[in-house]
Amino acid sequence: MRRGELYRVYKPSAPDPKRYRVFVVVSRQVLIDSRFSTVICVPVYSSFDGLSTQVPVGTDQGLKHESSIHCDELISLLKTSLTNFIGVLPPAKIDDLNQALAIALGMDSPA
């Protein structure tokens, strides 16, 4: 498992009406490689509202249609639930993701 990978997760949380939801792993690699049982992820939705905390993604990343990563909705998921690999973000999208996460968390943009 690597940072920037996308996984389809079955019933990720109680309030989510979808049976499956795609998530992007955003934890730092040292945590992903550790014995911790969870990683921090960000959900992917089919809507895109043009917010600075959303990153457009689509079929190039293995998705069925155009979507966006919503960085305002961080969630901790069990590593064992991340088994259905979808794709991986290219470096340019990871840069966009880093910037959107910094905005969502009220931090200065990464250099």
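Values in this text are rule-based calculations from the coordinates and carry no lab data. The structure presented is a predicted model; accordingly, all values stated were derived computationally and were not measured. Ideal geometry is used to build each Cβ from the backbone, glycine not excepted, and the neighbour counts take in all protein chains shown.
How would HIS70, HIS65 line up from fewest to most surrounding beta-carbon atoms within 10 angstrom? Don't skip to the answer; put the middle values down first.
Numbers: HIS70 21, HIS65 7.
The fewest-first ordering by Cβ neighbours comes to HIS65, HIS70.
Length gain on complete extension for the stretch ALA92 to THR80, per 0.36 nm per residue less the alpha carbon to alpha carbon distance?
1.5 nm
Which whole-Hz couplings ³J(HN,Hα) result when phi for each residue of region 40-46 is put into the Karplus expression 6.51 cos²θ - 1.76 cosθ + 1.60, θ = phi - 60°, listed in order with x for Gly and Pro?
Using θ = phi - 60°, the values come out as 8, 9, 10, x, 10, 10, 6 Hz.
In terms of modelled amide H atoms, which long-range or inter-chain residues lie less than 5 Å from the amide H of LEU63?
GLY58
Please list, in chain and number order, the residues 5+ apart from ILE86 or on another chain whose amide H is under 5 Å from its amide H, with Hs placed from the backbone.
For ILE86, the qualifying residues are LEU6, TYR7, ARG8.
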